[in-house]
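Everything on this sheet refers to the single structure shown next.
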Amino acid sequence: MRNIILCGFMGCGKSTVGRELASLTHRLFVDMDEEIVSEAGMTIPALFEQYGEAEFRRRERDVCAQLAQRQGLVIAAGGGALTFEDNVKVLSQSGDVVLLDVPLEVILRRLRGDTGRPLLAGPDREQAARELYDRRLPLYRAAAAHIVDADVPADTVARRIAEKLALMDLKN
Ligand code: S3P
């Protein structure tokens, strides 16, 4: 059974939708960031602070390769994971990459007050988010086999994905 890999910008709902989708389709849910945190024994901000982004990306790459060996998972990718060619390659061999498409303005609203994302920790969060979003959107689109409008409640997004991938009986 192929994996389903949810991709998209920080705050687009990958983890929340992933949990819903996993329960809807009776699959196991894996959050890539949680895997990294449990292997590292420290939070993502601490990992960035102590070892830098390059080490985080190395660990992220390892987790992508490990998860690509497994089957039947719903995977919430980290927001940066699918901006790297090698991660896209291994993960799309293992499953279908689905982009959760949410406008930047909605993302900015959702991330207000968030302190867990080191890439947005600088003085001008909005500018940092805007630049990253513009740079990444074309990469996400290129990586994704499917794109879903995700500016709606998580259970609706999960249902749309399940229907798109024909994972459930549409009558239920
Ligand atoms: C990152 C997104 C985060 C986390 C890390 C880096 C990124 O995951 O992996 O802070 O590069 O966009 P979420 O997308 O789950 O917030």
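The values are calculated or read from the model by the stated rules, or taken from the named source; none is laboratory data. Quantities reported herein were computed from a predicted structural model and do not represent experimental measurements. FYI the Cβ positions are ideal-geometry reconstructions off the backbone, even for glycines, and counts take in every protein chain you see. Surface areas here come from the heavy atoms of the whole protein model, side chains and all, with no ligands, DNA or RNA. Shrake-Rupley method; radii C 1.70, N 1.55, O 1.52, S 1.80 Å.
Pairs of Cα atoms under 8 Å, at least six residues apart: use those to get the relative contact order of the range 16-87, whole percent. This gives 45 percent for the range 16-87. Placing pseudo-labels 7 Å out from each Cα toward the beta carbon at Glu105 and Arg141 gives an inter-label distance of 1.9 nm. Normalised by the number of residues in the chain, the mean separation of alpha-carbon contacts (under 8 Å, six or more apart) gives a relative contact order of 35 percent. Computed per residue of the chain from DSSP H runs no shorter than four, each worth -39500 (n - 2.57), the mean residue ellipticity at 222 nm is -16500 deg cm²/dmol.
A full extension of the chain between Lys164 and Arg19 corresponds to an added length of 50.5 nm, given 0.36 nm per residue minus the alpha carbon distance. Full extension of the chain between Glu53 and Glu39 gives 3.4 nm of extra length, using 0.36 nm per residue less the Cα-Cα distance.
Rounded to the nearest Hz, the phi-derived 3J(HN,Hα) couplings of the range 139-151 under the Karplus curve 6.51 cos²θ - 1.76 cosθ + 1.60 (θ = phi - 60°) are 6, 4, 5, 5, 6, 7, 7, 9, 10, 10, 6, 10, 8, where x marks glycine and proline. In the elastic network of the chain, a GNM with C-alpha springs shorter than 10 Å, the most mobile of Gly41, Gly79, Gly11 is Gly41. Here the accessible area of the range 1-110 is 48 percent carbon and sulfur, with a 1.4 angstrom probe and all protein chains present. Applying 0.36 nm per residue to the separation of Gln66 and Lys89 and subtracting their alpha-carbon distance, the gain on full extension is 7.0 nm.
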